[in-house]
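Inspection log for the structure reproduced underneath, given as structure tokens.
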Amino acid sequence: MNRFQKATLGAAAICLLGSAALAQAPAAAPASPPPPLAIPNPTYSALVLELAVAKPAAEVWSKIGDYCGPSKFLGAECKIIAGKSGDLGAVRLLNGTVVEVLVAKSDLSYTYTQPTRVGQPYNLYHASLAVVPVTVTTSKLTYSFLYDNSMLADDAARAAERTARSTRFGGALQKMKDIAEAK
């Protein structure tokens, strides 16, 4: 038996012994239950708004993808109050009251969250703005939201809030489309 054969046989024996040891390992102790949720009965609401654009995705993103873009398409005063615009962790302040933190990004998208505030229940608010390529010359704007609306009074209040959000951000998508398609 040559050196290579001995080394191969030795490695195989170690793998077999390791497998046997793992197969006989005692079962892990059951995990303790997680602590209770701060909001006991959340009702997560997802909303996805989309709009076709007659321009290539990269061109669209170059016109609407700035992290302070809400000043153009929502009419909101926007100021970067921490970090650098477009970098993970950048914090923007909208209309002097709404704080949003950039938590994810790609070449054609970003995702932000609103941090917890003293005296307000945390609603897990996250939103993503993205441009999705459809063809070489067309794309799709997508604005998606996820948040807990359980702190609203009832289903009627939740429906009204959803309609208001759809109207506001649907209008923002239309403005983004107009900006992107402008000559």
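Where a number appears in this text, it was derived from the coordinates with a stated rule and is not lab data. These figures come from a predicted structure and were not determined experimentally. Reconstructed Cβ throughout: ideal geometry from the backbone, glycine too, with neighbour counts over all protein chains shown.
For Val98 and Glu59, the FRET efficiency from 1/(1 + (r/R0)^6), where r spans their Cβ atoms and R0 equals 22 Å, is about 0.15. Of Arg117, Arg92, how do they rank once you tally other Cβ atoms within 10 Å and put the fewest first? Lowest count first: Arg117, Arg92.
Dividing the mean sequence gap of close Cα pairs (under 8 Å, 6+ apart) by how many residues the chain holds gives a relative contact order of 25 percent. Computed from point charges on the beta carbon alone (+1 for Lys and Arg, -1 for Asp and Glu), the dipole magnitude for the chain about its Cα centre is near 460 Debye. Rounded to the nearest Hz, the phi-derived 3J(HN,Hα) couplings of the stretch 98-109 under the Karplus curve 6.51 cos²θ - 1.76 cosθ + 1.60 (θ = phi - 60°) are 9, 9, 9, 10, 6, 10, 7, 7, 9, 4, 10, 6, where x marks glycine and proline. Cα centroids of the stretch 146-179 and the stretch 32-69: 12 Å apart. Under the criterion of Cα pairs below 8 Å and six or more residues apart, the relative contact order for the stretch 126-183 equals 25 percent. Computing mean projected area of the Cα convex hull in nm² directly from the structure and comparing it against (1) 19.6; (2) 10.8; (3) 9.6 singles out (1).
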